[in-house]
1. In terms of the Cα gyration tensor, with a ≥ b ≥ c the square roots of its eigenvalues, is the range 75-133 rounded because a/c is under 1.5, prolate because a/b exceeds b/c, or oblate?
2. Add +1 for every Lys or Arg and -1 for every Asp or Glu among the other residues with Cβ under 12 Å from the Cβ of LYS129, and state the total.
3. Would you please give the FRET efficiency between LYS10 and ALA80, computed as 1/(1 + (r/R0)^6) with r the Cβ-Cβ distance and R0 = 25 Å, to the nearest 0.05?
4. Can you return the aspartates and glutamates within cross-link range of LYS6? Criterion is Cα-Cα under 17 Å, with same-chain partners fewer than 8 residues away left out.
5. Count the lysine pairs in the range 16-132 whose Cα atoms sit under 21 Å apart, keeping only pairs 8 or more residues apart in sequence or on different chains.
6. Collect residues whose amide H, placed 1.01 Å from N in the peptide plane, falls under 5 Å from the amide H of CYS117; neighbours closer than 5 in sequence don't count.
7. To check you understand DSSP bridge types, tell me what percent of the beta bridges within the chain (both residues inside) are antiparallel, rounded to 5.
8. At LEU50 and GLU20, where each label point lies 7 Å from the Cα along Cα→Cβ, what is the point-to-point distance in nanometres?
Amino acid sequence: MSEYTKPLPKPTATSRPFWEAAKAHRLQLQQCGGCQAFIYYPRDRCPHCLSDELQWKPVSGRGRVYSYTVVRRAATRSFADKPYVLAIVELEEGPRMTTNIEAPPEMVKVGMPVTVCFDDVTPEHTLVKFKPA
Ligand SMILES: [Zn+2]
């Protein structure tokens, strides 16, 4: 088995619950107690109402492709193994996540329904990706 050479997440005190849930193959986001909005990426205050009453809640893992591109010419050697889909997925709960779509690039379309999947890239690191629903 070859060594994983792509960049890995470095959880902070704020983002650690997101990554720990991902490792358990669960998607959870912060929800604001002030305005009820779900937010992503993890932060200390709600970007909508500035409340700091944020709680981690499980979410559906369902969404749609908001936008995407196919990366065929990688910026670094570690990404040069094959073309990949870099996408923004709009979750049912509202937030948009930058992620990868695990599907042949020619299959991906804007508006396509997708569902979360988890890629255990190392024993300690799991990445959150999406696949066609
Ligand atoms: Zn809020």
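Just so it is clear, none of the values below were taken in a lab; they were calculated from the coordinates. Just so it is clear, the model here is predicted, and its values are computed rather than measured. A quick note on method: Cβ atoms are made from the backbone with ideal geometry, for glycine too, and the neighbour counts reach across all protein chains shown.
1. Oblate, because a/c is 1.5 or more while a/b does not exceed b/c.
2. Taking every other residue near LYS129 into account, the sum is -2.
3. Working: r = 23 Å, r/R0 = 0.91.
The formula returns an efficiency of 0.65 here.
4. Once the sequence-local aspartates and glutamates are set aside, what remains near LYS6 is ASP81, GLU102, ASP119, ASP120, GLU124.
5. For the range 16-132, the number of qualifying lysine pairs is 9.
6. LYS129, PHE130, LYS131
7. 95
8. Distance between the two pseudo-spin positions: 3.0 nm.
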